[in-house]
Amino acid sequence: MREIYADHAATTRPAPEVRDAMLPFLGPRFGNSSSVHRRGEAARDALEAARARVAALVGAAPEGIVFTASGSEANNLAIQGVLACADASRRRLVISSIEHPSVIETARHLETRGIPVTVVPVESNGVLDPGRLAEALAADVALVSVMWVNNEIGTLQPIAEIARLARAVGARFHCDAIQAAGKLPIDVETADLDLLSIAGHKFHGPPGAAALVVRRRTRLAPLIHGGHQERSRRAGTENLAAAVGLGVAAERAQRRLAAGEPQRACALGDALLGLLLARIPTARLNGDRAIRLGSIVNLRLPGVDGEAALHELDLEGITVSTGSACSAASPGPSHVLLALGLTPEDAHGSVRFSLGEDILESDVDTLVEGTFRAVERLRALDHGGTVERR
Amino acid sequence: MIYLDHNASTPVRPEVRDAIASCLGDLHANPSSLHREGQRARAALERARDQVAALVAARSDEVVFVSGGTEGDHQALIGAAWALEARGRRVAISRLEHHAVHGAAEVLERGGFAISHLAATHEGFVDPAEVDSLPEDTTVISLMLANNETGVIQPVAGVAERAARRGIRVHTDAVQAAGKIPIDLEALGADYTVISAHKLGGPKGVGALIVRGGAPLESLLRGSGHERGRRGGTENLPGIVGFGVAAELAARDLMAEGTRLLALRERLEAGLTAAASDVVIHGTRAPRLPNTVNASFPGARADHLLMALDARGVAVSAGAACASGAVEPSPVLTAMGIACDLAICALRFSLGHTTTVDEIDLVIPRIADAVRVARSAAGARA
């Protein structure tokens, strides 16, 4: 039986060339890249080459790349770092209601420390209405943080419009592009973004390697301080192997994007969605069919527990998730699905398929049939009155 | 190249590299995912947690994985200070601390906290009695377990005992100590302990903060439920798995390696004294790590020595690697009351698992040579 990994939004398999590029830096080519001796110099060269590759993926200047250990850290650094530099007259933070927990929890934390926070609700299709955002913006806003692609439902936010609105009131704009990088063309100059977060393990790079892109003239206080690394914006001995892996993954992603590879996964996602809706007539898409990264399909399956469905599919060799991997530890229903107006019960009855490189065209039918069978089994169980709510 | 800079970073052990390679190839799921692949990744994560906990005699659930020593020190000091803010807005750090701790203190200072300093003796350690005179509003003390520049081991247990009497929490940066001397957190009494993988044969980009007995801590990196809500961010699983293997090997070899390194250190010190009779080795009257020698060669500036040794295939550090590029005396040596003209002539030799007797014997004449070159450079300038 072919195992089908349909959880690319949670994480992706490091590409063989990424692994191969990293391993020499875990062998004889070690060296503290801040040391002056010769090994240190070779390490520094490798680090800067990786930086240039990451910059190229998002149209940024290499000196604007700050390597971090995770996408969550990049989001924390962007938000805490900008707010720490904010003037007294301009210190409000504006975010959408469907941001990643690393943004929402950072906002909540700052709120306890006296920073005013406005959470702008998205529409029921999971897309932010620029008009609604405009109502929240004023001259006291320091930073707007809105994600490019939602990690649970795949909806796309009107980034150019948000950037324009933020600019109009003199606010900085941070975009969590962790689900977008490598899947959509990104150019921080054209999009007029001040800060952008990406994470390598979402595009076949290694875990533990991510970056915050900081555009010129953006004031940012470091979160981790006490060293000159990363132009004093992130202290700590550089994780060279991971940075090199991230660089290779970025270059690879750029190449595949130009070759139309992520677009293929989006087309398969659209096909999957159409077939699932036809095969399971009660199923409904969470989010927006058109304004969506096609490779992410979040379905609500009435009468079925999402987690039970995940385990049923797992037994069939199909790997999917409920909401996001990041929220798997928290027992509550997905805050994203609740923000769309779903009841907690419907939110619990949802499953996310996220396609990517590992998915073949022939997998789509297997996914549809596997899901159909899992839903049938669970509903039969439910009929017997023994539905599990784990 | 003879590498005597293990305190800056150690070569990754081959077993660690193999474990990382296999993890990158095979364990690719997100450990937070509920499916079988995710659970397999989770099991590897928890096994590494057990291995790291065992190295410092802690409980596995006390281990929080972080991206390295610097993040760990920030999370510990800032997180504890924030959590204890209602009791007071002051932390105390020793003058011997690593940049990471000074940096964390600066972050707190910017946020309106007061910082007190614990002085060092000429021998390079902090006198625990210093704790008694700290202001009332002190909530956390930060004292490293072993100094990265001199290797001097600090009386953390004594400080923790006095701190506990006053209700003050203790953070210890054990980055240089872990894997070099036995650590028993129960006996040490520190509430927050930080260690780093790349100082003990593991990979860069991973470390651990060990939080004892539910000591209060606010999370610095906010996110979802990772690390029991104490540190947001998808886990660096290959790095963590590598850390686990490195910790297990370090624990296994601790006694034998400690004895071996101590013999090599003594051989090096005897050689240095024979080669340059006026050499001053710092901190010799205090307990020191078995692998670290900090020595000043009067009249030979550290940056000149460093370059001369580099040209002769020897990698060492002037003071700490993280402070490279500057010719100023090390704040650590200054805090010990070492005169500036002597302090700027200091080199740090740090031995490790790759160091051999042959290397020590080869390196001594090269050092003698470098000292001669550096002294003539100084003479030419004068």
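Tabulated data
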| quantity | calculated |
| --- | --- |
| Within region B:341-367, tally of residues that are among the charged types (D, E, K, R) and not in a helix (DSSP H, G or I) | 1 |
| Matching residues, region A:59-72, being of a type outside the set (D, E, K, R), over 19 Å from the mean Cα position of the chain (by Cα) and in a helix (DSSP H, G or I) | A:PRO62, A:GLY64 |
| Test: residue in region B:282-302 that is surrounded by fewer than 18 Cβ atoms within 10 Å (Cβ to Cβ), in contact with a helix residue (DSSP H, G or I) (Cβ under 6 Å, 6 or more places away or on another chain) and either among the hydrophobic types (A, V, I, L, M, F, W, C) or within 14 Å of chain A (Cβ to nearest Cβ) (or both) | no |
| Test: residue in region B:13-27 that is farther than 18 Å from A:LEU313 by Cβ and touching a His at 6+ places or on another chain (Cβ under 8 Å) | yes |
| Boolean, B:VAL107 is touching a strand residue (DSSP E or B) at 6+ places or on another chain (Cβ under 6 Å) and of a type in the set (Val, Ile, Thr) | no |
| Residue match in region B:262-277 (condition: assigned to a loop (DSSP other than H, G, I, E, B) and within 12 Å of another protein chain (Cβ to nearest Cβ)) | no |
| The listed residue being within 29 Å of B:SER94 (Cα to Cα) and either crowded, with 18+ Cβ neighbours inside 10 Å or out of contact with any helix residue (DSSP H, G or I) (no Cβ under 7 Å at 6 or more places or on another chain) (or both), out of B:LEU254, B:LEU249 | B:LEU254 |
| The listed residue being more than 21 Å from B:ALA146 (Cβ to Cβ), within 9 Å of chain A (Cβ to nearest Cβ) and surrounded by fewer than 21 Cβ atoms within 10 Å (Cβ to Cβ), out of B:ARG36, B:ARG42 | B:ARG36 |
| Region A:175-199 - residue that is without any contact (Cβ under 8 Å) to a residue 60 or more places away in the chain and either part of a helix (DSSP H, G or I) or hydrophobic (A, V, I, L, M, F, W, C) (or both) and, of those, surrounded by the fewest Cβ atoms within 10 Å (Cβ to Cβ) | A:ALA191 |
| Those residues of region B:164-183 which are in contact (Cβ under 8 Å) with a residue 60 or more places away in the chain and under 19 Å from B:VAL66 (Cα atoms), in sequence order | B:HIS171, B:ASP173, B:ALA174, B:VAL175, B:GLN176, B:ALA177, B:ALA178, B:GLY179 |
| Qualifying residue in region A:57-78 (condition: out of contact with any Ser or Thr (no Cβ under 6 Å at 6 or more places or on another chain), at the interface with chain B (Cβ under 8 Å from one of its Cβ atoms) and at pLDDT below 95) | no |
| B:ALA177 being among the aliphatic types (A, V, I, L, M), more than 9 Å from chain A (Cβ to nearest Cβ) and either more than 13 Å from the chain's Cα centre (by Cα) or closer than 15 Å to B:VAL63 by Cα (or both) | no |
| Any pair with Cβ under 7 angstrom, 6 or more apart, that starts in region B:210-226 at a residue that is within 13 Å of another protein chain (Cβ to nearest Cβ) and ends at one that is of a type in the set (Phe, Trp, Tyr) | B:GLU218/B:TRP82 |
| Region B:7-35 - residue that is among the polar types (S, T, N, Q) and assigned to a loop (DSSP other than H, G, I, E, B) and, of those, farthest from B:SER350 (Cα to Cα) | B:SER33 |
| Which listed residue, of A:ALA249, A:ALA253, A:ALA243, is surrounded by 24 or more Cβ atoms within 10 Å (Cβ to Cβ), away from every other protein chain (no Cβ under 14 Å) and under 21 Å from A:PRO62 (Cβ atoms) | A:ALA253 |
| Complete set of residues in region B:215-242 that are assigned to a helix (DSSP H, G or I) and either more than 23 Å from B:VAL101 (Cβ to Cβ) or hydroxyl-bearing (Ser, Thr, Tyr) (or both) | B:HIS226, B:ARG228, B:GLY229, B:LEU237, B:PRO238, B:ILE240, B:VAL241, B:GLY242 |
| Residue count for region A:226-268, restricted to those that are closer than 24 Å to A:ARG13 by Cβ, assigned to a loop (DSSP other than H, G, I, E, B) and in contact with a Gly (Cβ under 9 Å, 6 or more places away or on another chain) | 1 |
| In region A:23-55, the residues that are among the charged types (D, E, K, R) and at pLDDT 90 or above | A:ASP45, A:GLU48, A:ARG51, A:ARG53 |
| Cβ-Cβ under 8 Å pairs, at least 6 apart or on other chains, region B:273-289 side in the same structural domain as B:VAL371 (by TED's automatic domain parsing), far side of a type in the set (D, E, K, R) and part of a loop (DSSP other than H, G, I, E, B) | B:GLY283/B:GLU123; B:ARG285/B:GLU123; B:ALA286/B:GLU123; B:LEU289/B:LYS180 |
| Residue list for region A:193-229, filter: away from every other protein chain (no Cβ under 11 Å) and over 30 Å from A:LEU355 (Cβ atoms) | A:ASP194, A:VAL214, A:ARG215, A:ARG216, A:ARG217, A:THR218, A:ARG219, A:LEU220 |
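Residue by residue, here is whether (1) among the acidic types (Asp, Glu); (2) surrounded by fewer than 24 Cβ atoms within 10 Å (Cβ to Cβ); (3) under 19 Å from B:GLY207 (Cβ atoms) holds:
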| site | (1), (2), (3) |
| --- | --- |
| B:PHE65 | no, no, yes |
| B:GLU71 | yes, no, yes |
| B:LEU77 | no, no, yes |
| B:ARG90 | no, yes, no |
| B:HIS102 | no, yes, yes |
| B:VAL126 | no, no, no |
| B:ILE153 | no, yes, no |
| B:GLY158 | no, yes, no |
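The values are calculated or read from the model by the stated rules, or taken from the named source; none is laboratory data. All values reported here derive from a predicted model rather than from experimental measurement. Note: ideal-geometry Cβ built from the backbone for every residue, glycine included; neighbour counts use all protein chains shown.
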